[in-house]
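Here's the structure we're looking at; comments come further down.
Bear in mind these aren't lab numbers, they're just calculated from the coordinates by the rules spelled out. What you see is a predicted model, and the numbers here were worked out from it, not measured in a lab. Cβ placement follows ideal geometry from the backbone for every residue including glycine, while neighbour counts extend to all protein chains displayed.
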Amino acid sequence: MTRPNTPTLDRVAGPADLRALGDAELAALADELRDEVISAVSETGGHLGSSLGVVELSVAIHAVFNTPFDKLVWDVGHQCYPHKVLTGRRSRIRTLRQKDGLSGFTKRSESEYDPFGAAHSSTSISAALGFAVGRDMGQATGDSIAVIGDGSISAGMAYEAMNNAGHEGRRMFVILNDNEMSIAPPVGAMSKYLSGLYASPQGAAFEKMAEGFEAALPGPLREGARRARQLVTGFPGGGTLFEELGFSYIGPIDGHDMSQLLPVLRAARTRATGPVLIHCCTVKGKGYAPAETSADKYHGVSKFDVISGTQKKSKSNAPSYTSVFGKALTAEAERDPRVVAVTAAMPSGTGLDILADRFPARVFDVGIAEQHGVTFAAGMAASGLRPFCAIYSTFLQRGYDQIVHDVALQNLPVRFAIDRAGLVGADGATHAGAFDIGYLTNLPNMTVMAAGDEAELVHMVATAAAHDDGPIAVRYPRGEGVGVDMPAQGEPMEIGKGRIVREGTGVALLSFGAHLSECLSAAEELEQMGISATVADARFAKPLDTQLVGQLARHHGALVTVEQGACGGFGAHVLHHLANRGALDRGLKVRTMTLPDRFIDQASPAEMYADAGLTSADISRTAIEALGVVIAPFGQVRA
């Protein structure tokens, strides 16, 4: 028998247990759940602020809906930590974002309570509509609920989905998690009124409840609700945008007040016949003072001390690639008033906050709208400006048609700054920058660079700024540089020219990008085994330095290309060139080292590259195999 003083959370093995609790117990459970999330993330790091903002919402949804039969789809998924605790993963929550641990996002292979995986934004409504159609066509699925933030709902895909959902008219629920404002009316009065409205024996007709939500409120509450609705919808009067698209709109309600959440969700579930949008106002970082008062609301944190909130960040003398880019671009902007920059809701993540501090009128944050951002930059390039479009590799994929049609086809000099290239660590496969080399180098007119170290990045920013002959991209990884001496000023490079970093005779290691340091380490390992290795930094995947490639092919027995990208990238272009020149017919041994043809789960970057077979030891082994030599037991070449 459960003791009365047993914590409520300890009595919850899954959502079914929530449905046996009273409303007061659910409110108490939310407080315990918040503490659990704070404690867990203090040990693992992760997306804390967004998760704290949906604690009550997570409890209420699972208490009211019949998950996992009902499908709960979290947009982005970075706010899903409370959801994971409630759905049988509490015992593993301290493995969050670690190797072989829980993903930091929703993931279908992890739990039946994650019906749709996500880590990019604005996909939830489309997926939820898909589940609704499946239900109506006889599949074994119940209601579908999409939870989407005010930032994500601003993206074009979300509006495309709402337009389609409104046209279809199918029963589904979209919960707008709006953490950009708070509700003005007194919380107690609002709670009392809502409870009476939705819990009455007869109950107002659902359509009337949705249509007349504001009008039905008592006078002191009506004005605050009207202002909140206007701020989200932009409609000063009449129907909301959501209603124009075919949704019943309910709100705004306090997303931290269980006495509001529970009756609204119960009424909606009981009475809805078509698509419904429920507008919840929440506070990012709610309930943890260091998060609530932080400028970024602890959106993404490293491990931290729970009492003080102080984050435990690693110390290094080397700057991050992101900060190097931001400072280098700011220096270029100081010299050239035509330099401008575009970001898609990631000014600090891309380093553009450094430029914005210096030239605020020359940095444009378009929100979560990569497609628009790319074409917007193309328009600025066509006007004569020199735009830098700074977007993570994994997010730039979302604007690929615009890169092709609006930039490359018109040969417009948009400069793409591609952060988070390669494997990124704890965010896992969804955020890996694996594909940009392939999807950019196959485009006519495109120039593609990759920085071998942080000093090279400074020169590549200068190269991009000076390049007016078409689109150009520079890719660089997440995290710290290698600690090389930094130039006082970036100098434009000759387009399509690489460099020899280390001279050797036996095997050539041709690096494209930030794995240059691993190639140098591999060369040292080979040297200790009696094999002389040349290390070259390609710098450019397109145009390829064919003179350098030819030189390496003529003077070495084997050539190994190394890149932090998927098959079909830099190595493929080298092979294509050598095959067309007949070099392979003359007996040259060539090996291409890329990311494997599979997605790699979260771990530290070093662990992920080990999983990918791209360590210095892997490179040296590949070189030895290509040469066909045998290594004696003590590490020397056997004749």
>> Restricting to DSSP H runs of at least four residues, report the calculated mean residue ellipticity at 222 nm for the chain, -39500 (n - 2.57) per run over all residues, nearest 500 deg cm²/dmol.
In response: -11000 deg cm²/dmol
> Which whole-Hz ³J(HN,Hα) couplings does the range 136-153 yield from phi under the Karplus relation 6.51 cos²θ - 1.76 cosθ + 1.60, θ = phi - 60°, glycine and proline marked x?
Replying inline: 6, 9, x, 6, 7, 8, x, 5, 10, 10, 9, 10, 9, x, 5, x, 5, 6
> Between Asp469 and Met529, how many nm apart are label points set 7 Å from Cα along the C-beta direction?
Replying inline: 4.1
>> How large are Rg and Dmax for the range 321-475 when calculated on the C-alpha trace, in angstrom?
In response: 13.8, 40
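Fewest Cβ neighbours within 10 Å first, please rank Leu588, Leu552, Leu277 accordingly. Write out the running numbers ahead of the final one.
Working: Leu588 18, Leu552 27, Leu277 31.
Lowest to highest Cβ neighbour count: Leu588, Leu552, Leu277.
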> What order do you get for 610-621, 120-131, 449-460, 528-539 when each peptide is scored by the mean count of other beta carbon atoms within 10 Å, highest first?
Replying inline: 449-460, 120-131, 528-539, 610-621
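For the range 413-493, what percent of Cα pairs sit more than 16 Å apart?
Details: 1734 of 3240 pairs.
More than 16 Å apart: 54 percent of the Cα pairs in the range 413-493.
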>> Quick check on the chain: of the DSSP beta bridges with both residues there, what percent are antiparallel, nearest 5%?
In response: 15
>> Please compute the modelled spin-label separation between Thr270 and Ala28, points set 7 Å along Cα→Cβ, answer in nm with one decimal.
In response: 2.5
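Which FRET efficiency value, to the nearest 0.05, do you get for Leu241 and Phe69 by plugging their Cβ-Cβ distance into 1/(1 + (r/R0)^6) with R0 = 30 Å?
Numbers: r = 31 Å, r/R0 = 1.04.
Once the sixth-power term is evaluated, E becomes 0.45.
Looking at this model, which pairs from Lys313/Lys497; Lys71/Lys284; Lys99/Lys497; Lys99/Lys542 are more than 30 angstrom apart at the alpha-carbon? Let's see the in-between values first.
Working: Lys313/Lys497 37 Å; Lys71/Lys284 24 Å; Lys99/Lys497 39 Å; Lys99/Lys542 35 Å.
In this structure, Lys313/Lys497; Lys99/Lys497; Lys99/Lys542 lie more than 30 Å apart at Cα.
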> Net charge near Thr67, counting Lys/Arg +1 and Asp/Glu -1 over other residues with Cβ under 11 Å of its Cβ?
Replying inline: -2
> Based on the Cβ-Cβ distance from Arg621 to Thr293, what FRET efficiency comes out when R0 is 56 Å, to the nearest 0.05?
Replying inline: 0.65
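What list do you get for Ile145, Ile354 if you sort them by fewest beta carbons within 10 Å?
Values: Ile145 26, Ile354 20.
Ranked by crowding around the Cβ, least crowded first: Ile354, Ile145.
Give the shape of the range 499-638 as rounded, prolate or oblate, defined through the alpha-carbon gyration tensor: a ≥ b ≥ c are the square roots of its eigenvalues, a/c under 1.5 means rounded, and otherwise the shape is prolate if a/b is larger than b/c and oblate if not. Working shown, then result.
Details: a/c = 1.60, a/b = 1.03, b/c = 1.55.
In terms of gyration-tensor shape, oblate.
Among Thr310, Thr95, Thr67, which comes first, second and so on when ranked by fewest other beta-carbon atoms within 10 Å?
Numbers: Thr310 11, Thr95 16, Thr67 24.
The most exposed by this proxy come first: Thr310, Thr95, Thr67.
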> Taking Rh as the Kirkwood radius computed over C-alpha pairs, what is the Stokes-Einstein D of the chain at 4 °C in a medium of viscosity 1.567 mPa s, expressed in µm² per second?
Replying inline: 48
> Tilt of helix 516-528 relative to the longest C-alpha principal axis of the chain, in degrees (0 to 90, nearest 10)?
Replying inline: 50
> Roughly how many whole Å is it from the C-alpha centroid of the range 86-143 to that of the range 382-456?
Replying inline: 29
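Roughly how compact is the range 294-364, stated as its Cα Rg over 2.2 N^0.38 Å to two decimals?
On the way: Rg = 14.8 Å, N = 71, 2.2 N^0.38 = 11.1 Å.
Dividing the Cα Rg of the range 294-364 by 2.2 N^0.38 Å gives 1.33.
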